[in-house]
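One structure is given here, and the rest of the page talks about it.
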Amino acid sequence: SQVLKEAGVPRLFASVGLDENAASLAATALAYAPRLPAMLATISLMDRLGRRSLLLRFIPLMALSHLALAASLLHMASASSALPAAAAVVALCGYGVAFSLSLGPIPNILTSELFPMRARAAAMSVSLAAQFVCNTAVGAGFPALRASLGSGGVFFAFAAVCAAGWLVTAVAVPETKGRALEDDGGEGKTKAS
């Protein structure tokens with residue numbers, strides 16, 4: 001919500017008659033609203049298109065959303081229009097949708113599909129622990145990063161991390177579509193076999 005305020009989004013909503021608190025709430029709700037339909041779409045898309053395919057399609061959209069948000073934040077100070085604030089809302093919505101279609105659910109599913117049954121529980125534990133550590137590091141480190149890089153700089157850095165994630169996915173992440181969960185780490189038969 002601090003990033004939304006910095007991007008001028010509450011002022012955008014205040015211009016249509018909402019007070020600052022209601023404007024902040026409306027902006028946050030708008031940024032999160034598209035995520036539910038995206039999560040529901042992910043359920044069918046994962047089996048139709050594949051996990052790797054979704055990652056390769058939507059990680060770049062996450063990066064573009066970060067770039068748009070960074071540009072919006074950088075232009076907010078000099079803007080006399082509501083365009084940067086509107087762009088920030090669109091960027092946050094786009095990021096939420098892209099995340100819900102890729103890096104939100106897919107790492108957990110891939111972890112369960114890539115490891116053999118005998119190692120699956122340990123692999124899932126390590127994967128979830130790594131996710132929690134990284135999420136905590138981003139949350140705890142964001143204020144320091146913002147102080148040193150500025151808000152726009154932080155989101156440019158997040159876009160670079162997305163680009164690196166896309167490259168790792170393109171090079172090292174196998175497709176698990178059609179593999180049975182009971183297979184030994186996805187190295188065996190497909191569901192159709």
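Here, each number is a calculation from the coordinates, and none is a lab measurement. All figures in this text were calculated on a predicted structure; none of them were measured in a lab. Positions of Cβ are generated from backbone atoms using ideal geometry, with glycine treated the same way; all protein chains shown enter the neighbour counts.
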Förster-model FRET efficiency, 30 Å R0, Asp47 and Ala157, C-beta, rounded to 0.05: 0.35
Whole-number D in µm² s⁻¹ for region 134-175, Kirkwood Cα-pair radius fed into Stokes-Einstein, 20 °C, 1.002 mPa s: 188
Kirkwood hydrodynamic radius over Cα pairs of region 10-90, then Stokes diffusion coefficient at 37 °C and 0.692 mPa s, in µm²/s: 224
Kyte-Doolittle mean at least 0.5, axial Cα span of 20 Å or more - DSSP H helices of the chain: 51-76, 83-100, 117-172
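Per residue, what volume in Å³ does the convex hull of the Cα atoms of region 1-52 enclose?
So the per-residue Cα hull volume is 95 Å³.
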Per-peptide average of other Cβ atoms within 10 Å, ordering 150-162, 120-132 highest first: 150-162, 120-132
Positive minus negative residues near Leu12 (Lys, Arg vs Asp, Glu; Cβ under 13 Å): 0
log10 of Debye I(q)/I(0), alpha-carbon scatterers only, for the chain at 0.08, 0.09, 0.18, 0.20 Å⁻¹: -0.33, -0.41, -1.23, -1.40
Signed unit charges on C-beta, dipole axis of region 96-187, positive-most listed residue Phe155, Cys134, Thr176: Phe155
Chain lengthening between Gln131 and Ala119 when straightened (0.36 nm per residue, less Cα-Cα): 2.5 nm
